[in-house]
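Q: Dropping the structure in here first, questions after.
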Amino acid sequence: MVATLNGKEIKLGLANFIAQYNAVTYDAYYSAYMGGANMWSQDYSGEGKTMEDTVKDQVMDTIETNYLLEEHMADYKVEITEEELAAMKEAAANFIKGNEPAAIERMTATEDVVAEMLRLDTIQRKMHDAIIAEVDTDVSDEEAAQRTFSYYSITLPEESKESTKESMDASEEVEKEFSTEEKKAELKDYAEQVADSAKQDFDAVADSYSLTKSTYSYGLDEDSFAKEVIAKADKLKEGEISDLIETENGQYYVIRLDSEFDKTATENKKDEIVSKRQSDHYKEICDEYKKDAKWSVKENKKKNVTFIGNQYTIKVNEKDTESVENTESMSDIENATELVAPEDTELVQ
C-alpha cells in the first residue's frame with residue numbers, strides 16, 4: 001500500500017505501473033533534450049525536486065483525483081458499462097501478452113492493474129466532459145474582440161536574428177546590445193530610417209532592411225506585448241502606420257493596424273476564453289473534492305518507485321520498423337492499435 005484515500009487503500013503496484021507507464025513516454029520523447037539517462041536525477045524546476053520526484057508526485061495527484069471523481073460519478077450521472085469493463089479487461093490481457101516479461105515485472109503490471117488504470121482514465125474523461133458541460137460557452141464579441149497589427153522589431157543589420165519573442169518586455173540581451181550611448185544613437189538613427197520607409201511602403205521594409213514582418217492580435221486582457229506598442233495601436237485606425245515607437249527597454253518598433261476588429265482572431269479568442277472557463281471550472285471542482293478528502297501518502301513506499309535504469313523501447317506503430325530508443329532495449333512497449341479501451345483510450349504509447 002502506498003496511500004489511502006478516505007479509508008481506501010491504494011496499492012503500490014498500481015501507482016508504480018502508472019508511474020512507469022508515464023516514464024516510458026518521458027524517456028522516449030524527452031530524454032534527448034533533457035540529459036538522457038541522467039534526466040530523472042536533475043532538478044529542472046529549481047525547487048529542490050528531481051524530475052523523478054516531480055513525475056511521481058504528479059502521478060499520485062492524478063490517482064487521488066481520479067478516485068475522488070469516481071466517488072462523485074452519481075452526481076453527474078456518469079457510469080461505466082459492463083461492456084466497457086469487458087473491453088478494458090481484454091485490452092489489459094493483450095497488453096500483458098504483447099510485452100516482454102522483464103518489462104511487465106519492472107512495471108508491476110498485471111491484468112487487474114492495467115484494467116484499473118484504464119478504468120480510472122475512463123472515469124476521468126467522462127467526469128471531465130460532464131463537469132465542463134456546466135460551463136457557459138456564450139462569449140460576446142465585446143469580451144473577445146481582437147485588434148490585429150503588423151509590426152517590425154527594429155535591430156541593426158548585424159544584430160538581426162530570428163525571433164518570435166519580440167513582444168516581450170526588457171530582456172538581458174537587449175540591455176547588453178545597447179550598453180553604450182554610441183550604440184543607442186546608431187540604433188535610433190537606423191530605426192528612424194526604417195520608420196520613414198515604412199510610411200512609404202510598409203510591406204517593402206521587410207526586403208529593404210532584411211527585417212521580419214510579424215503580426216499580433218490583442219484584446220482587453222492584453223499583458224504580453226510591450227505596453228508602448230499596444231498604447232499606440234489603440235490610437236490607430238485601420239490601415240494607419242505608426243511613427244517610430246520606443247519601449248522603456250530601448251527597443252524600437254513600427255506598426256500598421258491591419259484590423260480594428262479581426263473576426264478570425266476574435267473567434268479564436270472566444271474558443272480560448274471558453275477553454276479557460278472549462279479548465280478553471282474543472283480544477284475548481286477537483287480542488288473542492290480534495291479539500292474534504294482524507295488523503296495520505298506513505299513517502300517511504302513511494303521511494304521504491306524509480307525510473308532510473310529504465311531501458312524501454314517504444315514502437316511508434318506496429319507496422320513501423322523504426323523505434324524510439326532510450327538506451328539498449330530491455331523490452332518493447334508497443335503501440336498496438338488493437339489495445340484500445342472504450343472511447344479510444346490508448347493503452348500503450
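The values are calculated or read from the model by the stated rules, or taken from the named source; none is laboratory data. Keep in mind that this is a model prediction, so the values were computed, not measured. Virtual Cβ from ideal backbone geometry, glycine too; neighbours counted across all protein chains shown. Calculation scope for accessible area: heavy atoms of the full protein, side chains included, ligands and nucleic acids excluded. Shrake-Rupley method; radii C 1.70, N 1.55, O 1.52, S 1.80 Å.
Q: Could you list, in sequence order, the residues of segment 89-100 that are touching a Ser or Thr at 6+ places or on another chain (Cβ under 8 Å), within 21 Å of Lys11 (Cβ to Cβ) and not aliphatic (A, V, I, L, M)?
A: If the condition is that a residue be touching a Ser or Thr at 6+ places or on another chain (Cβ under 8 Å), within 21 Å of Lys11 (Cβ to Cβ) and not aliphatic (A, V, I, L, M), then Asn99 is the only one that fits.
Q: Can you confirm whether Ile96 is assigned to a helix (DSSP H, G or I), more than 30 Å from Lys269 (Cα to Cα) and either open to solvent by less than 60 Å² (accessible area, probe 1.4 Å) or not β-branched (Val, Ile, Thr) (or both)?
A: yes
Q: Those residues that are among the aromatic types (Phe, Trp, Tyr), closer than 14 Å to Thr62 by Cβ and either open to solvent by 20 Å² or more (accessible area, probe 1.4 Å) or not in a helix (DSSP H, G or I) (or both), I need them from segment 1-32; list them, please.
A: Hit for segment 1-32 is Tyr21, nothing else.
Q: Let me ask something else. Can you pull out every residue in segment 200-220 that is open to solvent by less than 50 Å² (accessible area, probe 1.4 Å) and part of a strand (DSSP E or B)?
A: Ser214, Tyr216, Ser217, Tyr218, listed by residue number.
Q: Quick check on segment 101-109. Is at least one of its residues open to solvent by 70 Å² or more (accessible area, probe 1.4 Å), of a type in the set (D, E, K, R) and either over 14 Å from Phe307 (Cα atoms) or not in a helix (DSSP H, G or I) (or both)?
A: no
Q: Shifting gears a bit: Could you figure out which of (1) part of a helix (DSSP H, G or I); (2) at pLDDT below 95; (3) open to solvent by less than 20 Å² (accessible area, probe 1.4 Å) isn't true of Met127?
A: Here Met127 clears every test but (2).
Q: Suppose we filter Glu79, Glu116 for residues that are open to solvent by 20 Å² or more (accessible area, probe 1.4 Å), assigned to a helix (DSSP H, G or I), farther than 30 Å from Tyr190 by Cα and out of contact with any Lys or Arg (no Cβ under 6 Å at 6 or more places or on another chain); which single one remains? Quick ask: steps written out before the conclusion?
A: Numbers: Glu79 fails: assigned to a helix (DSSP H, G or I).
The unique qualifying residue is Glu116.
Q: In segment 260-297, which residue that is of a type in the set (Val, Ile, Thr) and under 19 Å from the mean Cα position of the chain (by Cα) is farthest from Thr65 (Cα to Cα)?
A: Among those residues, the one meeting the criterion is Ile273.
Q: Checking Gln146 against (1) open to solvent by 50 Å² or more (accessible area, probe 1.4 Å); (2) polar (S, T, N, Q); (3) within 30 Å of Ala204 (Cβ to Cβ), which test does it fail?
A: So Gln146 meets the others, but not (1).
Q: Which one of Phe178, Phe149 is under 17 Å from Glu246 (Cβ atoms) and at pLDDT 95 or above?
A: Result: Phe149 is the single residue among Phe178, Phe149 that is under 17 Å from Glu246 (Cβ atoms) and at pLDDT 95 or above.
Q: Among the residues of segment 33-82 satisfying the criterion of being out of contact with any Ser or Thr (no Cβ under 7 Å at 6 or more places or on another chain) and small (Gly, Ala, Ser), which is nearest to Ile132 (Cα to Cα)? Don't jump to the end; show me each part of the working.
A: Pass one, segment 33-82, residues out of contact with any Ser or Thr (no Cβ under 7 Å at 6 or more places or on another chain): 33-36, 38, 44, 46-49, 51, 53, 55-79, 81-82.
Imposing the further condition that a residue be small (Gly, Ala, Ser) reduces the set to 35-36, 46, 48, 74.
Numbers: Gly35: 38, Gly36: 38, Gly46: 33, Gly48: 35, Ala74: 16 Å.
Top of the filtered list is Ala74.
Q: Glu158: in a helix (DSSP H, G or I) and at pLDDT below 95, yes or no?
A: So Glu158 passes the test.
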